[in-house]
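*Asks:* Here it is: the structure, laid out below.
The values are calculated or read from the model by the stated rules, or taken from the named source; none is laboratory data. Note that the structure is predicted; figures quoted are calculated from it, not measured. Neighbour counts run over all protein chains shown; Cβ positions are idealised from the backbone, glycine included.
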Amino acid sequence: MKKDIPTYEIFIDENEDSFVSAVALVDKPAIEKNFFAFNEHTKLQFSYDDERQELIGPAMIPDIEIYRKEQNTGAEYNVFFSKETIRQIAQVFFKKNFANNTNISHTDIPAHSY
């Protein structure tokens with residue numbers, strides 16, 4: 001049974017410093033979609049290529065509700081991003097030269113992806 005919890009739309013404001021400045025590689029993405037690592041000629045085999053490493057997958061998906069639970073209060077709610085907001089996030093992300101800002105599991109450990 002699905003809980004009856006509030007859902008909020010998230011917006012960004014470049015002028016208020018509310019934007020995405022990094023992408024984290026995580027084991028369990030909030031969007032509940034995993035990424036795939038492919039070599040140059042994509043086959044349905046999982047293999048490792050030392051020369052060409054690519055990570056392909058969604059960072060955000062529009063209108064997908066993402067469950068959140070506040071650690072300090074226990075408050076539960078869902079959030080989502082519209083396609084317009086995701087486009088704005090991507091534009092600001094590249095405008096501010098954040099394309100190389102990737103980390104492991106939302107930590108200070110760089111993902112070394114270029």
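*Asks:* Checking VAL79 against (1) modelled with pLDDT of 90 or more; (2) assigned to a helix (DSSP H, G or I): exactly one of these is not met. Which one?
*Replies:* VAL79 satisfies all of (1) modelled with pLDDT of 90 or more; (2) assigned to a helix (DSSP H, G or I) except (2).
*Asks:* Now, a different point. State yes or no: is GLU65 surrounded by 11 or more Cβ atoms within 10 Å (Cβ to Cβ), acidic (Asp, Glu) and modelled with pLDDT of 85 or more?
*Replies:* Here the answer is yes, as GLU65 does meet what is asked.
*Asks:* Can you tell me which residues in the stretch 1-26 are at pLDDT 80 or above and in contact with a helix residue (DSSP H, G or I) (Cβ under 9 Å, 6 or more places away or on another chain)?
*Replies:* Residues satisfying the conditions are GLU9, ILE10, PHE11, ILE12.
*Asks:* Right, something else. Out of the residues in the stretch 90-99 that are over 14 Å from the mean Cα position of the chain (by Cα) and part of a loop (DSSP other than H, G, I, E, B), which is surrounded by the most Cβ atoms within 10 Å (Cβ to Cβ)?
*Replies:* LYS96
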